[in-house]
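**Student:** Dropping the structure in here first, questions after.
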Amino acid sequence: MKNLKLFPKLFIYTFSSLAFSILVIHLLVYLIFPNTYLRAKKEDLTVKADQISQSLNGKSLDYVKQALDFFSKDGDINASVKENNDEISLKLEQNIDFDINSNTNSLIIEEREITLNNGKTVNLQFLSTSNIRQNAKILSLKFLPITLSISFLFSGVVSLIFAKFVTNNINQIKYVTSKMMKLDKSAFLKVDSTNEAGQLKSQINNLYQTLLKLMNDMEIKNNEILNLEKLKYEVFRGASHELKTPLASLKIILENMSYNIGKYKDKEKYIKECLVIVDELTQRVYQILTTSSFDYLKDDEETVNINDSLKNILINYDILIKQKNISLNNNLKNETIFIGRTALKIVLSNLISNAVKYTDENGFIDIFVKDGFLHVENSYKNISTLDIEKMSKIKIYSKKDTSNGLGLYIIKNILSNYKIFYKIEKTKTSIAFLIELN
């Protein structure tokens, strides 16, 4: 039985259970039937005795005897006038088929008292015998085979339907789950009931949809990680070019100063140049370090007050702004943007850094909001030499390019990550970086 498939196993179990129940029911019917049959015979005799007694009440004795004889010959009940009042004595007429030595015969006796037309009373005696076991056996052999056959046929049909229903659901679940194992997104169990089978199908569908959603989320996260790793790789690759040139220049200046070669004997002058180079290197190293925050720039959007973040950043550039005598005009109030708080700090820091770096002495930096865009605008005398189209693409420039493309590249990737629109505009004397606030 253990090696049988589910369909024959269910059929055998169901059919066996129903067949056993049917046999028990028929056996109980066979055992209970004699008593039921005897009770029915007794009730029938009681009814007939009452009817006959009522019809003979007030008749003559001869009429009564003739009527009882006629009734006894015509049926299986023997009726007669009791000759004496001895309750113990019993007169059996010739029509009664009763075997005293038989253990299966039952004798039923009913007595009724009637009044004759002359005022005398007589007792009428009604007798009936029944071979209960023999009659029950005959009836059982007549009807039980038919009922058994019908019952077994019904059990077979019910067992077949039940086994088919259960195995069909299981085969459907097996087929669809095999498609689910292949990650077929169209795999779906048809739920056509609210019973346990339907609830199981619904749970499997919900489980599979949850699994697909989790896998989709994991795929998105993996793509984000790959993009961040690619971004870091490109940033560091581009940064290496930007660091090599100033480091090489710094090394050459220091070596020439150490050997007092030519113009480098004026150490005071070239120490200042070295400090400028060191400042540039410090800024670029800071920009590279900000890329370590890229891993956290996802799923952290919130409504951030721009001015609150900007004030802290401007404090860090206060000395450089004063050295170049730059006029800083911060016209922001309570404007907000939907972005990560860390991301906004990196963007603003790079924008202010570029603005301070490229603004000439006695120039200006204006920060304001207009037409739904945040403007960071700074004056630039040599703006005619800028390639705005190239800057708008914002790629990491090669070592041959003197512009600081790393900061703009970081800004571009952060804003793209948050799907925020940006653009660069220029006038005759200034250049502005615009970020959409909506």
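**Student:** Of all the residues that make up the stretch 118-175, how many are among the polar types (S, T, N, Q), surrounded by 15 or more Cβ atoms within 10 Å (Cβ to Cβ) and at pLDDT 80 or above? Steps first, answer last, please.
**Tutor:** Filtering the stretch 118-175 for residues among the polar types (S, T, N, Q) gives 118, 121, 123, 125, 128-131, 134-135, 140, 147, 149, 151, 155, 159, 167-169, 171-172.
Still in the list and also surrounded by 15 or more Cβ atoms within 10 Å (Cβ to Cβ): 123, 125, 128-131, 135, 140, 151, 155, 159, 167, 169.
When the remaining residues are screened for being at pLDDT 80 or above, the result is 123, 125.
Selection size over the stretch 118-175: 2.
**Student:** Could you look through the stretch 409-419, keep only residues that are surrounded by 19 or more Cβ atoms within 10 Å (Cβ to Cβ) and among the hydrophobic types (A, V, I, L, M, F, W, C), and pick out the one that is farthest from L351 (Cα to Cα)?
**Tutor:** The selected residue is I414.
**Student:** Mind checking whether some residue in the stretch 343-360 is surrounded by fewer than 16 Cβ atoms within 10 Å (Cβ to Cβ), out of contact with any His (no Cβ under 6 Å at 6 or more places or on another chain) and farther than 14 Å from L374 by Cα?
**Tutor:** Yes, the stretch 343-360 has at least one match.
A quick yes/no check of all residues on (1) modelled with pLDDT under 80; (2) within 30 Å of I313 (Cα to Cα); (3) surrounded by 12 or more Cβ atoms within 10 Å (Cβ to Cβ):
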| site | (1), (2), (3) |
| --- | --- |
| E219 | no, no, no |
| G238 | yes, yes, yes |
| I253 | no, no, yes |
| N260 | no, no, no |
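**Student:** Considering only residues of the stretch 265-296 that are modelled with pLDDT under 65 and touching a Leu at 6+ places or on another chain (Cβ under 8 Å), which is surrounded by the fewest Cβ atoms within 10 Å (Cβ to Cβ)?
**Tutor:** Residues of the stretch 265-296 that are modelled with pLDDT under 65, as a first pass: 287, 290-296.
In the following step, the residues that additionally are touching a Leu at 6+ places or on another chain (Cβ under 8 Å) were identified as 287, 291, 294-295.
Working: Q287: 21, T291: 21, F294: 22, D295: 12.
This residue is D295.
**Student:** Out of I365, I352, which single residue is in a helix (DSSP H, G or I), hydrophobic (A, V, I, L, M, F, W, C) and within 16 Å of E377 (Cα to Cα)? Quick ask: steps written out before the conclusion?
**Tutor:** Values: I365 fails: in a helix (DSSP H, G or I).
The conditions single out I352.
**Student:** Separate question: Check whether at least one residue in the stretch 209-217 is free of Cβ contacts under 8 Å to residues at least 40 places away in the same chain, assigned to a helix (DSSP H, G or I) and among the hydroxyl-bearing types (S, T, Y), and report yes or no. First the steps, then the outcome.
**Tutor:** We begin by selecting, within the stretch 209-217, every residue free of Cβ contacts under 8 Å to residues at least 40 places away in the same chain; these are 209-217.
Subsequent filtering for residues that are assigned to a helix (DSSP H, G or I) retains 209-217.
Filter again for among the hydroxyl-bearing types (S, T, Y), leaving 210.
So far as the stretch 209-217 goes, yes, one or more of its residues are free of Cβ contacts under 8 Å to residues at least 40 places away in the same chain, assigned to a helix (DSSP H, G or I) and among the hydroxyl-bearing types (S, T, Y).
**Student:** Counting only residues that are in a helix (DSSP H, G or I) and more than 13 Å from E301 (Cα to Cα), which one in the stretch 413-433 is modelled with the lowest pLDDT?
**Tutor:** Kept after step one, since they are in a helix (DSSP H, G or I), are these residues of the stretch 413-433: 413-417.
Add one more test, that the residue is more than 13 Å from E301 (Cα to Cα), and what stays is 413, 416.
Numbers: N413: 78, S416: 82.
Within the stretch 413-433, the match that is modelled with the lowest pLDDT is N413.
**Student:** Right, next: Out of the residues in the stretch 51-90 meeting the condition of being assigned to a loop (DSSP other than H, G, I, E, B) and closer than 21 Å to K41 by Cβ, tell me which one is modelled with the highest pLDDT.
**Tutor:** Looking only at the stretch 51-90, we keep the residues that are assigned to a loop (DSSP other than H, G, I, E, B), and these are 57-60, 75-77, 83-90.
Add one more test, that the residue is closer than 21 Å to K41 by Cβ, and what stays is 75-77, 90.
Values: G75: 64, D76: 69, I77: 75, L90: 48.
Restricting to residues being assigned to a loop (DSSP other than H, G, I, E, B) and closer than 21 Å to K41 by Cβ, the top hit is I77.
**Student:** Got a number for residues in the stretch 177-198 being more than 16 Å from V166 (Cβ to Cβ), of a type in the set (A, V, I, L, M, F, W, C) and not in a loop (DSSP other than H, G, I, E, B)?
**Tutor:** Going through the stretch 177-198 one residue at a time, the tally reaches 2.
**Student:** Right, next: Given (1) outside any helix (DSSP H, G or I); (2) at pLDDT below 90; (3) more than 17 Å from N417 (Cβ to Cβ), where does L328 come up short, assuming only one miss?
**Tutor:** With respect to (1) outside any helix (DSSP H, G or I); (2) at pLDDT below 90; (3) more than 17 Å from N417 (Cβ to Cβ), L328 is out only on (2).
**Student:** Anything in the stretch 178-190 that is surrounded by 15 or more Cβ atoms within 10 Å (Cβ to Cβ) and either of a type in the set (G, A, S) or more than 13 Å from L212 (Cβ to Cβ) (or both)? List them, or say none.
**Tutor:** Hits for the stretch 178-190 are A187, L189.
The values are calculated or read from the model by the stated rules, or taken from the named source; none is laboratory data. All figures in this text were calculated on a predicted structure; none of them were measured in a lab. Ideal geometry is used to build each Cβ from the backbone, glycine not excepted, and the neighbour counts take in all protein chains shown.
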